[in-house]
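Worksheet: one structure, shown below.
Taken together, the values in this text are just the output of simple stated rules run on the coordinates, not laboratory data. These figures come from a predicted structure and were not determined experimentally. Glycine gets a Cβ as well: all are built from the backbone with ideal geometry, and neighbour counts include every protein chain shown.
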Amino acid sequence: MDLSLLGQYVLNGLMLGTIYAMVAVGFTLFFGVLDVIKFSHGDVLMVGAFTGLVAYLGLSELGVQSNALLSLGVMLAAVLLIALLGAAMARWLVLPLRGAPPINVLLITLMAGTVLREAIRLFYPAGANPKPFPRLLPTDSISFGALTLRFDSAILIALGLASIVAVHLLVTRTKLGLAIRAVAQDSETAQVMGMNFQRVVLVTFAIGSALAALAGVTAGLYYNEINFGMGLLLGVIGFSAAVVGGLGNLYGAILGGFLFAGLQTLGAVWFAVPAYKDVFAFAVVILVMAWRPTGLIAEQSAERV
Amino acid sequence: MNARVTQRPALWPAFVATAAVASFAYLFLRAEAQWEVAALAAGAVVALLVLGRTRLGAVVGSAWGARPTPLAWGALLAALVVVALFAEDHFALLMIATVLLYGVACLGLTIQFGYAGVVNFSGAAFFGVGGYTAAVLATHTALPHLLVVAVGGVLAGAIGSLLVLPLLRTRGHYAALITVAFAILFKTFLEVNDTLGGPQGLKVPGMRMLGWSFNDNILVGEDVELSFYLSYAVFSLLLLAGALVLVRRLERSWLGLSLDAVRIDETAASVFGFEVARWKILAFTLGNVLAGVAGAVYAMMTGFVAPASFTIAESLILVSIVILGGVGNPVGVLAATALVVVLPEKLQVIQEYRFLLFSGFVILVLLFRPEGLLPRKLRQYLPGWGRA
Amino acid sequence: MLPRPLRHAALCCALMLAAGTAGAKEAVKLVFIGPLTGGVSANGLGGRNATDLAVKLRNAGPKAKYRYELVSLDDECKPNIGVQVATKAAADRSIVAGVTHYCSTVAMATVDVYHKFGLPVVVWGAVLPDITYANDYAEVHRVNGTMINQNDTAAEFMTGLKYKRWAVIHDTTDYGKGHNKYFSEYLAKNGGRILGTFGVTADQQDFSAELTKIKELKPEVVYFGGTTPLGVRIRTQMDKLGVKAVFQGTSGIVSDAYIEGLGPLAEGSLAFREGAPMEKLPGGKFFLEQYNAQKYNDPPEAYGAFAFAAANLVMDAIEKVGPDRRKVRSELNRTRDYQSVVGTITFDDHRQNAVPLITKLVVQDGKWIVWEDSDYAKGKRKLVKP
């Protein structure tokens, strides 16, 4: 296989990996702060994509023509509104169930995800059909042999990685990040030290959901299509990536995201029928879990008896 | 020794309750007008809540606990009467049989989750294993169909055992991930694999037992043609009765006690010498066997299996039924199954919105009544002990 | 013997009673099953509206013996849902006959259900030959053509345009696999070469793996056997990955949704469909006029006229022999030279209508137009050259 073809595969993998990593980082943030797996994350991503679409339609109605402005508007709208949605879900669905067994929280977030999915399917006009997403990014490309690098793919990958780095910097270098890490480590002591637990939780959920919304818009801009079911598989993959990398660890989430994308690409290349790539990737995930039960970058946890 | 002689509680409240439930089932399945259906459903929910909170519930419960055997036969008889009343109605019998079979699968999930605390998000996948086994064996071999159903269960248990190693080594969320990954893997595998029919699925021949074909309408005399679903309904009823007996016996035995210990506190249980791994494996495998058996019969009844019938969405429905009904309470699980399967069919106006409403309802239940409809009662070591 | 006035009164009463019962027509239920939601819902809704139109026109007319009611059910283009709703409809003894299915995958799965319950149905949009040819069920009829002729004409035409190298993408349902089988056969006969065949799942999102492999193979034409949503995605990603080839599809992509989803990228896509274009059908203009008069939200799309014809066929049979499933079934089996809006309908020994004419279509300026009328045929525009 010549180098440029390999390069094309690598590029495809990078694109997928960026999206998965964005979703996985959200999962890891939620888990770190509240010990909760928010299964509705994938559907939040989907709502973000639809919000972006609505924003685009609205802005076009108002007469905005420039693609750059439209892209900016779409992303801002999605990020801000979905941050609010994430915080609302934390406030009314997750926090009240803090004392309940973790399976209840898992279930309530699963059901919330279903509610979001069905609401879009039923109440958005012709929601059950896939919707074309506007082509807002420049479509020129450069070719190196069999490798075609399109500018929009490059922009999206750069954007995705930048957002992950931004979140990482937020968590490690700012005061807010310090509060998040403190609450993640020991929420009781953090409260004793005077941190506003509820506020920290809401902000964390807002950040994670905003990242998911960005991932949704990215997917929409890349595939030029969104549909109400896109969140389900992306959510599960993001969750798998976060778990494989080690829940609660940001680097683990990023590693897991790119690892999963790599597995899928590998599966697509190896198998004669590329459709087996998902089977392959999930089978490897199960094997990795058997080998390293708490993820690749293992979670340090103590269990009180 | 107690100075007070404990009297055996009277049985008639339980008989009355059984008759009431049976009549309700009959009326509900017969109701066509939407307002009728809604009123009946609302009435049922109110009645259950009232029963749960007042002495009425305790009276019925202790009556059941005292002499379960004659009451169980009575319940079986009542169920048969209801089935007989619908003998000519295809659709009602189909619904009854579906509720019964889903009930068997959910009982399997109850063993896994309610008793041993092993969460399983791939229940529908094991249901599907049974279904596909039935499809392949019934079409290509001459195995008697009863054996096919049994093999479906065994195969489901065997495939489940593949997941056992990762499951044992992980806890909590990680264990959940493994079952989720398996559920997706199962559906994707079936879709891309052509030998098992691919996305088009497989046709499943109807059940034949001892020469009696389940798929032909039963002709009684000259005019009366009974629906062929009658055979399936009766068979499923017997299957459910068997599963209920199994689950009850399991719960009340030392096996059940061990499972409960493992669920409540794994570390403490292992300290006391319980072989945690052994009990988890037992619960997981047994639950999957039940799901597989139910899946095989269901496939033969509907005549068709496809990957799209066994996705993670269906697994989530099964888990939600277990939680809604009250984790670990078989009666609650059956009530929840009936609610979840029959209500959307009957209430046509909500047909389209049923997933939305159902999810919203589960959210409300989890926020305000997480024990479910009929919470599991405290373990009764001696009959009549539970009376407060 | 009754006294005279009483005899007159009795006669009057009898006559009034007869008139009264004649006035109240018996209600007869028909079922329509098609994909009302999901990626191909445009076609399903078009078929549903057309059937509804047929029922309305029949009820409004003076000669109908019965009052027809239409029950419409959504099969979501999924075989398992299709089996569920088909069972529901067939188990309902008040439903006499059905106008069913656009998606071949669903139609294949449900034929057994209709046979089990004895419900006679007429298929209006599914093109897989096996639906009528792989079984001997007297209940299943079809008014539209099969994909055999479609692919035969396609292979001849494309090799006639001097194309030699193909890459084939098809979905893994029976529909896609059927297209793959017939097209490959006919292409080989016409001297074309298939460089690679790729099966994809019907809800697949990402085709970068398959398209990267195809890019390596450098075909002149990419043949796609599948439906609109997948067609839109594949065409988009072809452009993204720089795969330059002609995009040739089947009747599955002939819909407005395909053009809406792609915008300018749809230009130059080819497709083939059995039956003449709507305007050239014998009853086409009449059908379109009546359809537009009802002001439905969605257009009839490619197969609306066939659904209309199927509904009328069924209702005519019921008028003749009464609302009895067995009798309607036998009557439908006997259909010969029936005049409908889509032409003459005659069922062969497998209850299949023969539709020999194949229309070649190309997308030009945002619309599907007949090849012969297009600028491409006249040489004014050129198809993509790899």
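Details
- Translational diffusion of chain A was estimated from the Stokes-Einstein equation, with Rh taken as the Kirkwood radius over Cα pairs; at 37 °C and 0.692 mPa s the coefficient is 165 µm²/s.
- When only the Cβ of Lys, Arg, Asp and Glu is charged (+1, +1, -1, -1), the dipole of the stretch B:92-348 relative to its Cα centre reaches about 640 debye.
- Residue order, fewest to most surrounding Cβ atoms within 10 angstrom, among B:140, A:41, B:90: B:140, B:90, A:41
- Shielding by partners for peptide B:352-359, expressed as the average number of C-beta atoms from other protein chains within 10 Å of each residue's C-beta, is 6.
- Per-residue [θ]222 nm for chain B (sum of -39500 (n - 2.57) over DSSP H runs n ≥ 4, rounded to 500): -23000 deg cm²/dmol
- Separation in nanometres of the label points that stand 7 Å from Cα toward Cβ, at residue B:45 and residue A:165: 5.3
- Here the spin labels are modelled as points 7 Å beyond Cα on the Cα-Cβ line, and at residue A:4 and residue A:88 they lie 5.0 nm apart.
- Spatial offset of the stretch A:1-44 relative to the stretch C:307-348 amounts to 56 Å, using the alpha carbon center of each.
- Beta-bridge orientation, the protein assembly as shown: approximately 40 percent antiparallel, per DSSP, counting only bridges with both partners inside.
- Selection among B:172, B:328, B:105 by position relative to the dipole of the stretch B:92-348 gives B:172 as farthest towards the positive end (Cβ unit charges, Cα centre).
- Rounded to the nearest 20 debye, dipole of the stretch C:247-364 from Cβ charges on Lys, Arg, Asp, Glu: 460
- The stretch C:233-251-the stretch B:260-280 distance, computed between alpha-carbon centres (Å): 58
- Per residue, the convex hull around the alpha carbon atoms of chain C comes to 145 Å³.
- Chain A: most fluctuating residue of A:288, A:273, A:54 per GNM, C-alpha cutoff 10 Å: A:273
- Total charge dipole magnitude, chain C, about the Cα centre, Cβ charges on Lys, Arg, Asp, Glu only, Debye to nearest 20: 560
- Residue exposure sequence - C:166, C:124, B:35 - by fewest surrounding Cβ within 10 Å: B:35, C:166, C:124
- Dividing the mean sequence gap of close Cα pairs (under 8 Å, 6+ apart) by how many residues the stretch C:102-256 holds gives a relative contact order of 20 percent.
- Extension gain for the segment residue A:251 to residue A:142, taken as residue separation times 0.36 nm less the Cα-Cα distance, is 36.0 nm to one decimal.
- Per-residue mean of C-beta atoms belonging to partner chains within 10 Å, peptide B:312-322: 2
- Flagged links, alpha-carbon separation over 23 Å, of C:164/C:367; A:131/C:367; C:244/C:380: C:164/C:367
- Separation between Cα centres of the stretch A:107-175 and the stretch C:349-386, rounded to whole Å: 37
- With a cut-off of 13 Å between beta carbons, the residues surrounding residue B:188 carry a summed charge of -1, where Lys and Arg count +1 and Asp and Glu -1.
- Volume in Å³ per residue [convex hull over Cα atoms, computed for the stretch B:174-289]: 178
- Considering only A:11, A:29, A:122, the Gaussian network model of chain A with Cα springs below 10 Å gives its largest mean-square fluctuation to A:122.
- Each residue, residue A:185 and residue B:196, gets one label point 7 Å from its Cα in the Cβ direction; the gap between the two is 4.8 nm.
- Inter-chain shielding of A:118-131 (mean C-beta neighbours from other protein chains, 10 Å cut-off): 5
- Packing-based exposure ordering (other Cβ within 10 Å, fewest first) of C:127, B:234, A:165: A:165, B:234, C:127
- Of the residues A:109, C:271, A:134, the one whose Cα sits farthest towards the positive end of the charge dipole of the protein assembly as shown is A:109 (charges of +1 on Lys and Arg Cβ, -1 on Asp and Glu Cβ, taken about the Cα centre).
- With R₀ set to 60 Å, the beta-carbon distance separating residue A:192 from residue B:84 gives a calculated FRET efficiency near 0.35.
- For the stretch B:92-348, convex hull of alpha carbons as volume per residue, Å³: 133
- Summed over qualifying helices (DSSP H, 4 residues or more, each -39500 (n - 2.57)) and divided by its residue number, chain C shows a 222 nm mean residue ellipticity of -14000 deg cm²/dmol.
- Taking the charge dipole of the stretch B:150-271 about its Cα centre, with +1 at Lys and Arg Cβ atoms and -1 at Asp and Glu Cβ atoms, the residue from B:258, B:182, B:217 reaching farthest to the positive side is B:258.
- Dimensionless Rg over Rh [the protein assembly as shown; C-alpha; Kirkwood]: 0.99
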